[in-house]
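Taking it in order: structure first as structure tokens, then the write-up.
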Amino acid sequence: MRPFDYHRPETSNDALNLADEEAAFIGGGTNLLDLMKLEVMTPDQLVDINRLGLDQIDEVSGGIRIGATVRNSDLADDARIRRNWSVLSRALLAGASPQLRNRATTAGNLLQRTRCPYFQDIDAPCNKRVPGSGCAAIGGELRNHAVLGTSDHCIALHPSDMAVAMRALDAEVIVRDAGGGTRTTALVEFYRLPGDTPHIETTLTPGELITGVHLPVPAGDRQVYRKVRDRASYAFALVSTAAVLRMENGKIVSASLAFGGLGTMPWRNEEIEALLTGEAPSNALFDKAGEVLMKEAELREGLEFKKPLAQRVLKAVLTEATQ
Amino acid sequence: MTLDYQIDGPENEELTKPSQGGPLGADMERRDGRDKVTGSACYAAEYRPKGLLHGVLKRAPGTGAVRLSNAEDVGTIPGVRLVLQDERMIRNAAQGTAGEAPVQGVSKAEYVGQPVALVVAENFETAWHAANRLQISCEGASLPVLPENGEVDDDMQEEAITGEPATAFSDAEVFVDETYTTPALTSAPMEPHAAVAEWHGDRLTLHGSLQMLRYNRLELADSLGIEPEKVRLRAPFVGGGFGSKLGISADCVAAALAARELGQPVRVVQHRRQVFEVNTRRSETRQRIRLAAGRDGRLTGLGHEARVSNLPGEEFSEPVLQGSYFAYAAPNRLLRSDLVRLNRPAAGSVRAPGEAVGVTVFEVAMDELAGKCGIDPVKLRLRNLPEAEPGSDRPFSSHRLADCLTKGRDSFGWDDRPAEPRQRREGEWWIGTGMAAAVRVNMVMPAEARVRLTPEGRAVVETDMTDIGTGTYSILGQIAAEGLGLAVDDVDVCLGDTDLPAGSGSGGSFGAASTGTAVWLACEEIRREIAGRMGCDAQELTLSDGHAACGNDRRSLPEVLAGEPLSGRGKLEPGEALEKVRQATWGAVFSEVAVNDVTGEVRVRRLQGTFAVGRVLNQRTARSQAQGGMTWGLGLALTEGMAHDRRDGHIVNRDLAEYHVPVNADVPHLDVHLLEDLDPWAGPLAAKGIGELGICGSGSAILNAIHHACGVRIRDLPATPDRILSGLT
Amino acid sequence: MQTTLTVNGTRHQLDLDPRVTLLDALREHIGLTGAKKGCDHGQCGACTVIADGRRINACLTLAVMHADAEIVTVEGLAEGKTLSAMQQAFLDHDGMQCGYCTPGQLCSATAMLEEARAGRASHVTEDLEGTTRLTRDEITERMSGNLCRCACYSGIVAAIEKVAAE
């Protein structure tokens, strides 16, 4: 690790005032310290946000508010989340290991960096790590890479499970700036596609701090999270799907679907949701949804399997959620 | 006094035989277990001599001539003590039993990831950061890294032809001709390789994480250009090895050189990524299997052709064919192996070199043949067992494969199985069963041990042998207790120190039998001395409960010893047995798996191994060894494989997040049955090896069960969801 | 910087570079080498310790972040010479071979039983709102953050089943 100064402020204002351009906020550290050891990330200051009182889960009008430093394990365990936002519990429990979930935080998970091995290798060119240096992944060995939302500059996959469920749940990120202002951003606006600036992953700007996530009352009571991985546990997703559905009189009246293991950000495709809404479940309908999902997928060598796998998982998830 | 012995035949009449029901073979607690569960067991990196400095190895990002671009700048980072690039540093780890320096010289990089420098600082954080700051440039022509581009090394070719295999293949009533691939694999011991080097004058003491100290000492001394007598190695606890610690690695030489130069002890611990890159890997293989049979399944011809790889200059070639020489009878045989020279990290022994991938693939081909013949897979194997080793006609020292197959079949409940695939379904899951035979050559290595009897009548076993998790502390204590008629608690076992007599080292499943026999011989030597004092023949002497008895003359050991210690030394050499007989261990593995029809995920529901491995020295530790091997088979079949970058050959997934060793949830309860098999050609203990056999059949039992479950035949390992899926769709 | 760590009930006053991980503080600065460094990146679980009752990877957290915490390492599991039930069960069922992952397995298993008692669900729990029963599948899933390359999983699970049943 590059040497850094460590600060442990007691208030969000202090935290924001302490943080310079090269600073990083640390919650659990499970991803940040991993990458700092590899010197993929080299902040000059670490601002510890564990004493800012951001570790509460509060019911608020129209939903629930999850503090930035709520641990993944506590979020998964919360009785309200288990009952009403179960897809989120499921996604969290499918990720990492119990030890990691005991440290990893809500905000940290949203900001989790890609597992692309070339990004994690300071000897390899990577546009995300060193803008303009090139992309070693393209033409290299691919498995945990994206097929949706990619560009010629970057095919890095967003690795989170939690964020996939949150995307399906219409989560909003609550951000505070140094002036004390607060803004709320839908996840779709929060994440950025790589384009030709893959090093800029979110709309968060220096001097801003995620203080929490707001989840509205879920649009559906039928919630499923399914993840496929290379071993039975403790592995990142090859493909995952989060579904939040509502059925009335045998028809889908609301469908919200998000996908992991596919996109450069937690993926959602509203065309699929429009396709499903108002329809009675059927294999043909679900197959069509799968076609729509993968129609723009860029299946580079090594990633061809993601198309049939994602389509089969989507079909199985929809079948389960509509039964 | 030393008792020399070599195993030349089945007769051991001059030596005492172990009793039944004594400490030998008992189901006993691991004697180093308490140190391990309390955290007091001290592994190499945990020695902290005063003034300890911390070294971090630096890798080559390319190949060719190596230049350190900013060594001076890095040297000025506060706390940095040394940036070392010394031509005595080693490029590749030493191969097992090399006993001499491996290839040295780090001004040149032969593969991406090769160690090229060491940065030493006052603390780990500084050394690690400085190593990251150090810039390395490599200049040279691009080198071959893909098997299809490498040159075949004619000197490394292995070929054995019996009869007329080509005719057998073309005339076969039933013929299987398939090509299989296995990826490069890594040992991944949980303890990263580490060395703490400390000089006293011109004498070096190095705490290392090493498997075979008698050879490691020679390798290190040769690398440093000093006399072996000046080197003392210590490795009382080793956190797993699986082949990757057979020879010295870069950390040992670098730590020793830096400690010498700085005049302070230096520790070098490999980062997990380096564990993947700088120690030997198991070569990827491509294997073509041809099986010619009559409709009754009787083999008329078999062909096993393999292609493996290694770095230029390395003499190790993954012995893929090893099991195929003797597993099945067939009058016409073609065995051939080629080695391609590639600039990937060096290949070497990984747990069960050869059979792990060779038997695994061959046993899948046998399953394919059983399907084509319409014969039960167990029956097919039973029908093709040889009377003697094919080709050489050497007899088997013991042959228990038929026993393993039939006993395993009966306890598994195999006969309930439908013959055709895709017959059982539970929801999304296809259910199937599969089986495979397991064979592994048995080896004996030179070994010495000393046993001291204290005047109080306690015994101390002393050898430089290592316990890498294998249970050596336990079984050597049990052997000495049995040999001297003592309680196990009255025996101390000292291991892992080159100041002690040179044991066999741990590797190739030979450690327990080889070093165990040396301990037995040392006890025999003591028996003879005691018999002399008692005035009787050693054969008439009974040692039990801390007493010696000859006829009516029974005395306590302290009485016999009369205040003086007594010491015996045993020395085992492999004898003519190795040439006279084919000695092996035998097994049969049965498996039940579930394959998800939606995702291609596989869950192993049952895995049962029935093994004949010579005398079992400790039921509990032996079972653990077998279970370990079986889990490795599971990993080989389902999850493990190194991805080499196609452009420069570097290992892309060089960490434990992306190289998938099986986790707890991957592994069902492992059912192990150990058959008694007192191999008369295995010396007085009649013990053989156990640590590797479990790998050899388990992977194929799982792969065959996958086929039975869902009809998908996986020929390119591992059977990851995507590969299964491409067969399901 | 100055920091205090409370480990196995003992307070340690330390002057640490902020880069020092909790794991390195334990191993290098306090001399408790029970917690192991297997990967240094949260990928193996050998470094698992219990911080304020929760199992965590000591390699992926900074020592200076734990000034107020009660840390328990493998050295703190036994009461004097008396092994904890989990330690004893690991011996009885041979839940170890090389021993390098063992301290992490023990801390993980010890804390895992508390998690299950508190009703925490896992990936394989059928009903998120039901009660937790520690079946074999539940144990193996909950212990999957601790790799064992010697592959003593059968013994580890048997040991945990025994303690869980007590």
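Numbers for the structure displayed
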read-out	value
Filter result (open to solvent by less than 40 Å² (accessible area, probe 1.4 Å), within 30 Å of the chain's Cα centre (by Cα) and not small (Gly, Ala, Ser)) within the stretch B:445-463	B:Met445, B:Pro446, B:Glu448, B:Val451, B:Val460, B:Val461, B:Glu462, B:Thr463
Leading residue by the ranking (farthest from C:Arg54 (Cα to Cα)) among those in the stretch A:108-117 that are more than 8 Å from every other protein chain (Cβ to nearest Cβ) and part of a loop (DSSP other than H, G, I, E, B)	A:Cys116
Filter result for B:His193 (open to solvent by less than 10 Å² (accessible area, probe 1.4 Å) and modelled with pLDDT of 95 or more)	yes
Residue list for the stretch B:227-242, restricted to those being open to solvent by 40 Å² or more (accessible area, probe 1.4 Å) and not acidic (Asp, Glu)	B:Lys230, B:Arg232, B:Arg234
Condition check for C:Gly145: in contact with a Pro (Cβ under 8 Å, 6 or more places away or on another chain), within 11 Å of chain A (Cβ to nearest Cβ) and under 26 Å from C:Gln43 (Cβ atoms)	yes
Looking only at the stretch A:233-246, and only at residues there that are more than 16 Å from the chain's Cα centre (by Cα) and open to solvent by 10 Å² or more (accessible area, probe 1.4 Å), the one that is nearest to the other protein chains (Cβ to nearest Cβ)	A:Tyr234
B:Gly629 vs. criteria within 16 Å of B:Val439 (Cα to Cα), within 12 Å of chain C (Cβ to nearest Cβ) and in contact with a Leu (Cβ under 8 Å, 6 or more places away or on another chain)	yes
Odd one out for A:Leu46, checked against (1) open to solvent by less than 20 Å² (accessible area, probe 1.4 Å); (2) touching a helix residue (DSSP H, G or I) at 6+ places or on another chain (Cβ under 6 Å)	(2)
Residue ranges of helices (runs of 4 or more DSSP H) in the stretch A:1-107 with at least 1 members over 16 Å from the mean Cα position of the chain (by Cα) and within 11 Å of chain C (Cβ to nearest Cβ)	A:32-37, A:72-77, A:79-84, A:86-93, A:98-103
Residue under evaluation B:Thr621, criteria (1) open to solvent by less than 10 Å² (accessible area, probe 1.4 Å); (2) within 21 Å of B:Tyr180 (Cα to Cα); (3) touching a helix residue (DSSP H, G or I) at 6+ places or on another chain (Cβ under 6 Å); (4) at the interface with chain C (Cβ under 10 Å from one of its Cβ atoms), criterion not met	(2)
The stretch C:11-43: number of residues that are hydrophobic (A, V, I, L, M, F, W, C) and either in a helix (DSSP H, G or I) or within 7 Å of chain B (Cβ to nearest Cβ) (or both)	7
Which listed residue, of A:Glu296, A:Glu273, is open to solvent by 20 Å² or more (accessible area, probe 1.4 Å) and at pLDDT 95 or above	A:Glu296
Residues of the stretch B:97-125 that turn out to be touching a residue at least 60 places away in the same chain (Cβ under 8 Å) and buried (at least 22 other Cβ atoms within 10 Å of the Cβ), as a count	13
Residues satisfying the stated conditions in the stretch B:363-380, i.e. part of a helix (DSSP H, G or I) and either at positive phi or in contact with a helix residue (DSSP H, G or I) (Cβ under 6 Å, 6 or more places away or on another chain) (or both)	B:Glu363, B:Val364, B:Asp367, B:Ala370, B:Pro377, B:Val378, B:Leu380
Qualifying positions in the stretch B:37-78 - open to solvent by 30 Å² or more (accessible area, probe 1.4 Å) and within 12 Å of chain C (Cβ to nearest Cβ)	B:Thr38, B:Ser40, B:Cys42, B:Tyr47, B:Arg48, B:Pro78
Cβ pairs under 8 Å, 6+ apart, first in the stretch C:82-99 and more than 7 Å from chain B (Cβ to nearest Cβ), second open to solvent by 20 Å² or more (accessible area, probe 1.4 Å) and at pLDDT below 95	C:Ala85/C:Glu166
B:Ala437 being closer than 29 Å to B:Ser504 by Cα and assigned by TED's automatic domain parsing to the domain that holds B:Gln627	yes
Qualifying residue in the stretch B:693-713 (condition: within 14 Å of chain C (Cβ to nearest Cβ), open to solvent by 10 Å² or more (accessible area, probe 1.4 Å) and of a type in the set (A, V, I, L, M, F, W, C))	no
Only listed residue being at the interface with another protein chain (Cβ under 9 Å from one of its Cβ atoms) and open to solvent by 10 Å² or more (accessible area, probe 1.4 Å), chosen from C:Ala46, C:Ala78	C:Ala78
Lone qualifier among B:Val196, B:Val176 - being within 30 Å of B:Glu368 (Cα to Cα) and either outside any helix (DSSP H, G or I) or touching a strand residue (DSSP E or B) at 6+ places or on another chain (Cβ under 6 Å) (or both)	B:Val176
Subset of the stretch B:399-432 [assigned to a loop (DSSP other than H, G, I, E, B) and open to solvent by less than 90 Å² (accessible area, probe 1.4 Å)]	B:His399, B:Arg400, B:Gly413, B:Arg417, B:Pro418, B:Ala419, B:Pro421, B:Gly427, B:Glu428
Subset of the stretch B:500-514 [aliphatic (A, V, I, L, M) and within 13 Å of B:Glu462 (Cα to Cα)]	B:Leu500, B:Ala502
Condition check for B:Gln6: touching a residue at least 40 places away in the same chain (Cβ under 8 Å), in a loop (DSSP other than H, G, I, E, B) and among the polar types (S, T, N, Q)	no
All strands (runs of 3 or more DSSP E) inside the stretch A:208-280 with 1 or more residues being of a type in the set (Gly, Ala, Ser) and in contact with a Phe, Trp or Tyr (Cβ under 8 Å, 6 or more places away or on another chain)	A:237-248, A:251-260
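The values are calculated or read from the model by the stated rules, or taken from the named source; none is laboratory data. Small disclaimer: the values here were computed from a predicted structure and weren't measured. Backbone-built Cβ (ideal geometry, glycine too); neighbour counts: all protein chains shown. With ligands, DNA and RNA removed, areas are computed over all heavy atoms of the protein, side chains included. Shrake-Rupley method; radii C 1.70, N 1.55, O 1.52, S 1.80 Å.
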